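S.K.: One structure follows; several queries about it will come next.
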Amino acid sequence: MSGLAAQATTLAAVPGGDAVPRHVAIIMDGNGRWAKARHLPRFAGHKAGVEAVRRVTRAARALGIEALTLYAFSSENWRRPEAEIGDLMGLLRLFICSDIDEMVRENVRLRVIGDHGRFAPDLVKLVDDAVARTARNSGPLLVIALNYGAQTELAAVARRLAEEAQAGQLDPATIDCDLIERRLDTDGLPPLDLLIRTSGEQRLSNFLLWQAAYAELLFVETLWPDFDAAALAAAVAAFGQRQRRYGGL
Ligand code: IPE
Ligand code: IPE
Ligand code: MG
């Protein structure tokens with residue numbers, strides 16, 4: 001059964017089972033505009049954005065969301081000025097250093113999607129060590145998308161499958177949706193139920209293109225640094241009102 005069919009069946013089998021989304025992803029957008037509105041440098045917006053990450057990850061745990069995936073740095077964000085990229089990397093360093101103990105304590109499993117191997121070696125090590133420290137935890141998943149781009153993710157899957165087929169290790173006839181899903185960075189995560197984008201932009205910006213096939217989409221005007229526990233609760237409530245049909249009736 002394909003991933004989508006499985007998702008539909010699970011939810012259908014549990015009346016009201018989709019009231020709280022199992023997996024929520026957020027495109028955290030609007031830091032720069034938040035700062036601009038306050039006549040502050042963009043850095044101030046990114047710093048306030050980290051505070052929002054802290055608030056929202058705690059709120060997600062309290063709501064019983066199993067997996068929260070946050071778009072922190074896209075594969076297109078390399079196009080920004082070098083100084084801003086440096087600021088974002090610095091804030092990521094600070095966030096991990098200051099929050100890893102809480103994650104360990106709170107039984108959070110930290111995971112990364114995307115190609116963070118392109119980051120500075122010390123940051124790669126910091127991220128990998130943090131992931132390793134929480135690997136045995138059994139609680140909610142916090143997934144951070146770092147140098148992530150969905151098209152690159154899918155191209156990498158296609159390339160690997162082609163290589164395996166060429167080496168005689170894979171029969172192309174066996175390639176189906178399940179197999180592709182197992183090769184994605186998100187393998188093992190619950191199906192994506194709700195995808196939120198803040199700041200009023202209504203596009204996916206190369207985020208989770210495969211995984212969002214049947215996710216509910218929610219675009220809110222709130223700028224990311226203003227997003228808080230109440231905003232997340234409102235998003236979850238809006239999700240609870242959606243009727244998911246997966247192509248059926
Ligand atoms: C989102 O805020 C943060 C990242 C993309 C890393 P932006 O920096 O995109 O903020 P705006 O869109 O310029 O307001
Ligand atoms: C998407 O925001 C990426 C992240 C939130 C990390 P952007 O601000 O980079 O997206 P575009 O450029 O407006 O599409
Ligand atoms: Mg933006």
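S.K.: Where residues in the range 199-243 are away from ligand 1 (no atom under 16 Å from the Cβ) and assigned to a loop (DSSP other than H, G, I, E, B), which of them is least open to solvent (accessible area, probe 1.4 Å)?
M.R.: Ala215
S.K.: To continue, here is another question. Every residue in the range 94-130 that is crowded, with 17+ Cβ neighbours inside 10 Å, β-branched (Val, Ile, Thr) and part of a helix (DSSP H, G or I), please.
M.R.: Listed by number, the residues that qualify are Ile96, Ile100, Val127.
S.K.: Just to be sure I understand the filter: pairs with C-beta atoms under 6 Å, separated by 6 or more residues or on different chains, first member in the range 33-57 and open to solvent by 40 Å² or more (accessible area, probe 1.4 Å), second member within 14 Å of ligand 3 (Cβ to nearest atom) and assigned to a loop (DSSP other than H, G, I, E, B). Which pairs pass?
M.R.: Pairs found: Arg33/Leu223.
The values are calculated or read from the model by the stated rules, or taken from the named source; none is laboratory data. Because the structure is a prediction, the values reported are computed rather than measured. Here Cβ is always computed from backbone atoms with ideal geometry, including for glycine, and neighbour counts include all displayed protein chains. Calculation scope for accessible area: heavy atoms of the full protein, side chains included, ligands and nucleic acids excluded. Shrake-Rupley method; radii C 1.70, N 1.55, O 1.52, S 1.80 Å.
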